[in-house]
1. Check the straight Cα-Cα distances from residue 91 and name the lysines below 19 Å, setting aside those fewer than 8 residues away within the same chain.
2. If the label point is 7 Å along Cα→Cβ of residue 68, which residues in segment 85-106 have backbone nitrogen under 13 Å from it?
3. Residues with beta-carbon under 11 Å from that of residue 66, excluding residue 66: net charge, scoring Lys, Arg +1 and Asp, Glu -1?
4. Place the peptides 94-102, 51-59, 18-26 in order of packing, highest mean first, counting for every residue the other Cβ atoms within 10 Å and averaging per peptide.
5. Using a cut-off of 11 Å between beta-carbons, work out the net charge of the residues near residue 98 (Lys and Arg +1, Asp and Glu -1, residue 98 not included).
6. Modelled label-to-label distance, residue 106 and residue 21, 7 Å Cα→beta-carbon offset: nm?
Amino acid sequence: MWSDLFQAGRKPWCNPNLSSNEHVAEVVERCPTVGQSGTQISEKGGELKITSLENGPLLLTGNLTIMSGSGRKAWQGNKIALCRCGASMNKPFCDGAHVDAGFKSD
């Protein structure tokens with residue numbers, strides 16, 4: 001079902017009409033990039049934590065603000081996944097393209 005919902009290179013790359021409402025809700029709850037939609041996830045503590053997910057993105061948690069090259073706020077929240085495979089169509093954010101790209105890293 002994951003591959004029906006998300007497919008790198010497809011426009012749009014995420015098509016919730018191809019999955020059940022329950023599956024879409026489950027994926028949103030598990031998604032490390034849920035903060036991109038503006039949803040704020042509260043985390044205890046103020047320390048920055050960076051986790052390299054096996055065969056996937058860098059997961060950052062903490063009190064985060066990502067600034068654009070022009071100095072404006074591009075994103076703010078407590079949890080975000082950043083691309084490390086280079087295939088994301090939404091850099092610096094992970095869009096799941098690492099799966100179709102065959103990205104492998106521990």
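1. Cross-link targets: 11, 73, 79, 104.
2. In segment 85-106, the label zone of residue 68 (backbone N under 13 Å from the point 7 Å along Cα→Cβ) covers 92.
3. With Lys, Arg at +1 and Asp, Glu at -1, the net is +2.
4. 94-102, 51-59, 18-26
5. Values: positive: 84, 104; negative: 54, 95, 100.
Summing Lys and Arg as +1 and Asp and Glu as -1 gives -1.
6. Each label point lies 7 Å from its Cα, and together they span 4.3 nm.
FYI, it's all coordinate maths here, none of it is from the lab. Since this is a predicted model, take the numbers as computed values, not measurements. Glycine gets a Cβ as well: all are built from the backbone with ideal geometry, and neighbour counts include every protein chain shown.
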